[in-house]
1. Label Gln208 and Phe195 with points 7 Å out from Cα along Cα→Cβ: what is the distance between them in nm?
2. Skipping prolines and chain starts, which residues have an amide H placed within reach, meaning under 5 Å, of the one on Asp222, given they are 5 or more residues away or on another chain?
3. Collect residues whose amide H, placed 1.01 Å from N in the peptide plane, falls under 5 Å from the amide H of Ala44; neighbours closer than 5 in sequence don't count.
4. Let me know the charge dipole size of the chain about its Cα centre in debye, to the nearest 20, where only the beta-carbon of Lys, Arg (+1) and Asp, Glu (-1) is charged.
5. Residue by residue through region 347-363, which ³J(HN,Hα) values in whole Hz follow from phi under the Karplus form 6.51 cos²θ - 1.76 cosθ + 1.60 (θ = phi - 60°), with glycine and proline marked x?
6. Using the per-residue mean of other Cβ atoms lying within 10 Å as a proxy for protection, in what order, highest first, do the peptides 68-78, 21-31, 44-54 fall?
7. Test of understanding: extend the Cα→C-beta vector of Glu361 to 7 Å, then name every residue of region 4-23 with backbone N under 12 Å from that spot.
8. If each DSSP helix of 4+ residues adds -39,500 (n - 2.57) and the sum is divided by the residues in the chain, what number results at 222 nm, nearest 500 deg cm²/dmol?
Amino acid sequence: MTEPGSALFDRAAQALDAFRIEIPSWGFANTGTRFGKFNQAAAAHSIEEKFADAAEVNALTGVTPTLALHVLWDLPNGLDDIPEVKDLERRFGIRSGSINPNLFQDQEYKFGSLCNPSAEIRERAVRHVLESIEIATQLESRDLSLWLPDGSNYPGSQNIRKRIGWLEEALRSAHDQLSPGQRLLIEYKPFEPAFYHTDIADWGMSSQLARAAGPQARVLVDTGHHYSSQNIEQIVAWLLHSGLLGGFHFNDRRYADDDLTLGSIDPYQIFRIFAEIHSGLAEGLGPDIAFMIDQSHNLKGKIEATVQTVVTAQELWLKSALIDRDLLEAHRQSCDLVAAEELYRGAFWTDVRPLAAAWREARGLPANPLAALRESGYVERIGQERGSRNSSVSSYA
Ligand code: PSV
Ligand code: MN
């Protein structure tokens, strides 16, 4: 059944061949919570080490050819760092992916960036976004991925409507700088670091802003940026319907923006999101979606957690691709609720791991990338090489 040449294998191959996942440079670096950091011996310090780790993940999985870069962390000298990045792309066979401006770390951004009441600080933030677009252009990156920390902590302390106007203006200027084919992805988040209001709190605000910015703007859905029990697949269905779905940041959450490995808490939710996308694709909507990981691991080994997320995403993508959509539509049409639900749930419960392994082998990849990572000794090796700069908490970290 799972053998190459079988109808099932061909369907699986069609789904998996087309599914690329971008990994974040910051996922390999030492990060922590506001309570502290547990350093990992194998954590990457330089952009070169991040490219090396990305190449390792790509060698194991074969589906992660691009690395998302965060401008301040990866190109601290801005455009001057481009030659080094291009050199790393060549050396490691990994291309630069989405470019992420950083509007949240400078002292000036205490009261906001693109929505700061100070026109001077807003201009400064816009300049950083424009420089980030130039970086994206020179690196031939398609997506500028924008997230703002802007918001307020206390009711009445900011003029929410004025800030909408400033934001629209800034996003229009950014959009004007895009080359043809480039996109501006606008990410939303209901809270953190601001706790009363955030200037882009949900998909509705992102959609409105994308429309105001221009035709190359889209919405970015970070799976962690929703209130508990929010129906994310319905949001995805709306964004598909309106042609505004630009990409995802993959992670999982129990409470808020927990940055856990994808599907670790609620794999059924990711399946449901993917099912909406497959249904859109099958109906010829042809959305161009950037699937990106956005995680920072404090307890799990970073490379291991990244590979685990990629493998999990593939499994859930495959399960949802195998839904018999014609039959499901027939059940929906006749309102046979139980048959529809059982068909849908049945796809979720199908063990697709043998099929994914057969696909990997057919593509010359390790059947089990996580086991191959452990066998390779890569993490231990780099842990020893990099370890002198990190104080380790565990050997496989
Ligand atoms: C903010 O929580 C966010 O999801 C944005 O995408 C940032 O770029 C990223 O996390 C930083 O880790
Ligand atoms: Mn994100």
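The values are calculated or read from the model by the stated rules, or taken from the named source; none is laboratory data. Owing to the predicted nature of the structure, the values given are computational and were not obtained by experimental measurement. Glycine gets a Cβ as well: all are built from the backbone with ideal geometry, and neighbour counts include every protein chain shown. We work out accessible area using only protein heavy atoms, side chains counted, and drop any ligands, DNA or RNA first. Shrake-Rupley method; radii C 1.70, N 1.55, O 1.52, S 1.80 Å.
1. Using points 7 Å along Cα→Cβ, the separation is 2.6 nm.
2. Tyr188, His249
3. When sequence neighbours closer than 5 places are left aside, the close amide H contacts are Ala29, Asn30.
4. The dipole of the chain has a size of about 440 debye.
5. The phi angles translate into 5, 5, 7, 5, 7, 9, 4, x, 5, 5, 5, 5, 4, 4, 5, 5, 9 Hz.
6. The most tightly packed comes first, giving 21-31, 44-54, 68-78.
7. Zone members listed by number: 4.
8. Helices in the chain give a 222 nm mean residue ellipticity of -14500 deg cm²/dmol.
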